[in-house]
Amino acid sequence: MDEFTKPVSEAGNELKRYINLKASHAGLLLNRRLSDFASQLVTMLVLVGILAMILLMLSFAFVFWYGAEAGTYYHGFLIISLLYMIFGLIIYYFREPLLMNPIIRKLNQKQQRLGDEMESLPIPAVKNKDDIEKQLEIMELQIEQSELLIQKHIKDFGTAFTPSNIMNSLFSYALSSSSLMMSGAILLLKLLKKRKR
């Protein structure tokens, strides 16, 4: 009987693993997309805020300069505007380590907590965008492997349930079972006694 139950249980276990892999893979993809979106949103909000301050400072500088024509107020406003512009460029060029990686870590921590509650496969810890890309590649390979194993188990399942295998299994089970052998021997003796009469 093990010939019949083994392919079924192996296929079931592999199917469960496959479903868990697909769920974890979907979670990582969602994590990557959400972090990209959130990072872009935060970057845009920061840049818009900085540009608004630059525009405000440049406006004040222009007004005070134009009003005083050679006063000292505009120098201060221009220097501050230049500092804000440099600050905005620094944030833009370092947006990944300053903005994206902390967002990725927070989203991954939340996803790991959800994964613990759902009893699926453990969600790997990621710290930045490169880690997400590596984990996605690994999970895609694991999913491909799982799909191939499921196909193999289904093929084994099909060969295990051919009519010849079923008959062989039934005969071997009947011959290995002592109670069936005894019942068969008694039935054979009764048939032989009836024939002799």
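The values are calculated or read from the model by the stated rules, or taken from the named source; none is laboratory data. Nothing here was measured: the structure is a model prediction, and the numbers come from that model. For neighbour counting, all protein chains shown are included, and Cβ atoms are generated from backbone atoms with ideal geometry for every residue, glycine included.
General remarks:
- Filter pass, LEU149 being at pLDDT 70 or above, part of a helix (DSSP H, G or I) and loosely packed, with under 12 Cβ neighbours inside 10 Å: no
- Assessment of the stretch 40-51 against the conditions (over 30 Å from LYS134 (Cα atoms), loosely packed, with under 13 Cβ neighbours inside 10 Å, out of contact with any Gly (no Cβ under 6 Å at 6 or more places or on another chain) and at pLDDT below 75) yields no matching residue.
- Residue within the stretch 8-17 that is in a helix (DSSP H, G or I), closer than 30 Å to GLY158 by Cβ, modelled with pLDDT under 75 and in contact with a Phe, Trp or Tyr (Cβ under 8 Å, 6 or more places away or on another chain) present: yes
- Qualifying residue in the stretch 117-138 (condition: in contact with a His (Cβ under 6 Å, 6 or more places away or on another chain) and either at pLDDT 75 or above or not in a helix (DSSP H, G or I) (or both)): no
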